[in-house]
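This report refers to the structure that appears directly beneath it.
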Amino acid sequence: MTSAASPPNGHVLLAVSGGIAAYKVPELVRQLGRAGHEVRCILTEAATRFVSPMVLQTLTGAPARSELFDAGEEGEISHIELADWADVVLVAPATADLLARMAGGLAGDLVSTVLLATRAPVLVAPAMNVNMWRHPATQRNLERLRERGVQVEGPEAGELACGWEGEGRMSDPTALAGRVGLMLGGHGWRGVGVLVTAGGTREPIDAVRAVTNRSSGKMGFAIAAEAARRGAEVVLVAGPCSLETPPGVRRVDVETALEMEAAVHESFESCHVAVMSAAVADFRPATPSERKIKKEDLAPGAGLRLELVPNPDILAGISARRGDRVVVGFAAESHDVIEAAKRKLARKACDLLVANDISRSDAGFDTDTNAVFLVSPGGQVEELPLLSKAEVAARLLDRIEKLRGVVR
Ligand code: PMT
């Protein structure tokens with residue numbers, strides 16, 4: 001028997017088990033819906049204590065089932081029909097108990113029965129106390145599930161609701177929605193070359209000192225991660241930073257603006273989309289010393305004069321020869337954000353400029369969140385609310401998708 005015809009972005013069956021992370025499920029449903037997926041929810045009995053089936057029913061427009069033997073619910077759509085309907089099953093949060101039942105092939109309630117019956121790919125998002133996560137029994141169950149092709153996203157490390165610190169937080173809804181999108185075919189990003197720059201550049205003064213800035217790389221790494229999740233072929237040209245390379249991303253480490261320019265030019269030919277989020281130093285010391293400049297070498301009380309010469313404008317350079325590529329720039333502005341961004345967009349001739357207001361303490365350099373305006377050449381401005389950098393990346397890629405004409 002085959003399942004009913006799928007909509008363009010597929011059927012996602014979201015199985016919710018009973019953990020505190022279930023409070024993120026309504027946001028997850030919203031993000032899956034925004035990505036164009038048709039979503040239905042099923043819950044374990046314990047999950048209904050953390051999130052209301054009525055809320056999920058309202059958000060999805062379909063009954064959120066939790067009973068295996070409810071004649072009314074079975075009459076609407078049977079559990080086997082639900083298992084067949086799914087193009088992907090996402091288990092979020094996946095508790096230690098549910099992972100154990102999945103590993104053991106148990107089918108004592110609606111969720112575990114559907115998970116046993118479905119032939120759709122399954123993604124689990126574990127969430128639990130750090131000691132439960134590290135327990136050999138849980139790790140062995142995960143191993144067994146992975147051997148059977150179940151995919152796993154997270155958990156993340158951090159402060160846990162139970163008061164412990166460590167791995168156990170459910171992955172961010174944006175990350176989960178992105179991973180589901182990838183499992184369903186990546187929304188037309190497959191084979192699309194995406195070039196991203198991230199971090200600040202470091203321009204040497206001498207063997208130990210440098211001119212640099214506060215960019216952590218978080219914004220650019222989030223963009224690279226999201227593009228890779230969607231199935232793009234991503235090259236990330238990164239200034240000095242300590243972030244881990246996102247899965248599926250090819251990273252090229254550079255230090256100076258000149259090195260960044262060379263790396264960007266090397267990958268530009270084969271890319272379709274370039275997103276320049278790096279904070280490139282506009283100037284570099286004219287004659288960096290190979291040796292450490294010593295105070296004793298200077299006249300007593302004398303200062304050190306640095307002559308700075310301009311660095312090439314990498315973004316303007318690639319915009320000038322972009323052909324049919326989409327080129328996106330960033331702008332870090334502390335005042336008159338939109339007007340300054342419009343002038344910068346015109347000067348650099350890119351297709352979209354992402355302006356962040358760095359006068360805010362929760363946006364711009366070295367923060368986990370960002371508040372940006374998307375400024376178009378026609379003068380249109382879209383303001384995004386304060387979001388995690390992962391979510392800014394997702395919204396930006398949605399916009400680029402439209403610019404490329406690969407709208408779902
Ligand atoms: O790395 P994070 O800590 O997460 O911080 C993110 C960020 C604040 C660095 C990022 O969101 C951002 O705003 N990046 C651009 C910062 C910046 O240097 O803006 P700008 O106004 O100086 O440059 C404008 C654009 O031209 C940028 O796309 C920049 O990459 C590019 N540029 C600038 C100078 C230069 N010589 N070559 C360039 O290509």
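What follows draws every value from the coordinates through simple rules; no lab data is involved. Note that this is a predicted model, so its numbers are computed, not measured. Note that each Cβ is placed from the backbone with ideal geometry, even for glycine, and that neighbours are counted across all protein chains shown.
Phi angles of region 29-41 translate, via the Karplus equation with coefficients 6.51, -1.76, 1.60 and θ = phi - 60°, into HN-Hα couplings of 4, 4, 5, 5, x, 5, 7, x, 8, 8, 10, 10, 10 Hz per residue; Gly and Pro are given as x. Per-residue 3J(HN,Hα) values for region 118-135, derived from phi via the Karplus relation 6.51 cos²θ - 1.76 cosθ + 1.60 with θ = phi - 60°, read 6, 10, 6, x, 10, 10, 10, 10, x, 8, 5, 5, 4, 6, 5, 5, 7, 4 Hz in sequence order (x marks Gly and Pro). Across region 11-183, the mean sequence separation of Cα contacts (distance under 8 Å, 6 or more residues apart), normalised by length, yields a relative contact order of 23 percent.
Basic side chains Lys and Arg get +1 at the Cβ, acidic Asp and Glu get -1 at the Cβ, and with that the dipole of region 188-404 about its Cα centre reaches some 180 debye. DSSP assigns beta bridges within region 256-367; of those with both partners inside it, close to 25 percent run antiparallel. In the chain, the sites counted are chymotrypsin sites (Phe, Trp or Tyr not before Pro) in DSSP loop states with at most 15 other Cβ atoms within 10 Å, and the longest stretch holding none of them, exclusive of the sites, is 165-408. With N as its number of residues, region 188-404 has a Cα radius of gyration that, divided by 2.2 N^0.38 Å, comes to 1.05.
Amide H to amide H distances under 5 Å link VAL252 with LEU236, VAL237, ALA238, where only residues 5 or more positions off or on other chains count and H is placed in the peptide plane. Taking Lys and Arg as +1 and Asp and Glu as -1, the other residues whose beta-carbon sits under 14 Å from that of ALA224 total +2.
Pairs over the 25 Å Cα-Cα cut-off, from the set LYS24/LYS218; LYS218/LYS295; LYS24/LYS389; LYS218/LYS292; LYS348/LYS402; LYS292/LYS348: LYS218/LYS295; LYS218/LYS292; LYS292/LYS348. Three semi-axes describe the equivalent ellipsoid of region 11-183; taken as square roots of 5 times the Cα gyration tensor eigenvalues and ordered largest first, they are 23, 18, 15 Å.
About the centre of its Cα atoms, the chain shows a dipole size close to 720 debye [charges on the beta carbon of Lys, Arg (+1) and Asp, Glu (-1) only; nearest 20 debye]. Taking only alpha carbon atoms, region 228-340 gives an Rg to Rh ratio of 1.07, where Rh is the Kirkwood radius. Express as a percent, rounded to the nearest 5, the fraction of DSSP beta bridges in region 11-183 (both residues included) that run antiparallel. Antiparallel: roughly 20 percent of the beta bridges in region 11-183. Database remark: amide H of ARG284 closer than 5 angstrom to the amide H of VAL309, ASN311 (H placed geometrically; neighbours at sequence offset of 5 or more, or on other chains; Pro and chain starts carry no H).
The residues neighbouring ARG179, those whose beta-carbon lies less than 12 Å from its own, together hold a net charge of -1 under the Lys/Arg +1, Asp/Glu -1 convention.
Once backbone amide H atoms are built at 1.01 Å from N, ALA35 has no partners under 5 Å, excluding neighbours fewer than 5 places away on the same chain. Taking the Cα atoms of the chain, the ratio Rg/Rh between the radius of gyration and the Kirkwood radius comes to 1.06. Dipole check for region 1-106: with +1 at the C-beta of Lys and Arg, -1 at the C-beta of Asp and Glu, and the Cα centre as origin, the magnitude is about 460 Debye.
Rounded, prolate or oblate: which fits region 107-221 when a ≥ b ≥ c are the square roots of the eigenvalues of the alpha-carbon gyration tensor, with rounded for a/c under 1.5 and prolate only if a/b beats b/c? The shape class here is oblate.
Helical content alone sets the calculated 222 nm signal of the chain at -9500 deg cm²/dmol, taking -39,500 (n - 2.57) per DSSP H segment of four or more residues and averaging over every residue. Ordering PRO121, VAL91, ALA103 by Cα displacement along the dipole of region 87-154 toward the positive end leaves ALA103 in first place; charges were set at the Cβ atoms of Lys, Arg (+1) and Asp, Glu (-1). Think of region 188-404 as a dipole: +1 on every Lys or Arg Cβ, -1 on every Asp or Glu Cβ, centred on the Cα centre; then among ILE293, PRO310, ILE358, PRO310 lies furthest on the positive end.
Ordered by the number of other Cβ atoms lying within 10 Å of each residue's own Cβ, fewest first, HIS265, HIS79 fall into the sequence HIS265, HIS79. In order along region 59-75, the Karplus-derived 3J(HN,Hα) couplings, from 6.51 cos²θ - 1.76 cosθ + 1.60 at θ = phi - 60°, round to 6, 9, x, 9, x, 9, 8, 9, 9, 7, 10, 8, 4, x, 5, 5, x Hz, and Gly and Pro are given as x. Using R0 = 41 Å, the C-beta based FRET efficiency linking THR58 and ASN131 works out to 0.70. Between the listed residues VAL254, GLY231, GLY220, the Cα displaced farthest toward the positive end of the dipole of region 200-359, a dipole computed from Cβ unit charges relative to the Cα centre, is found at GLY220.
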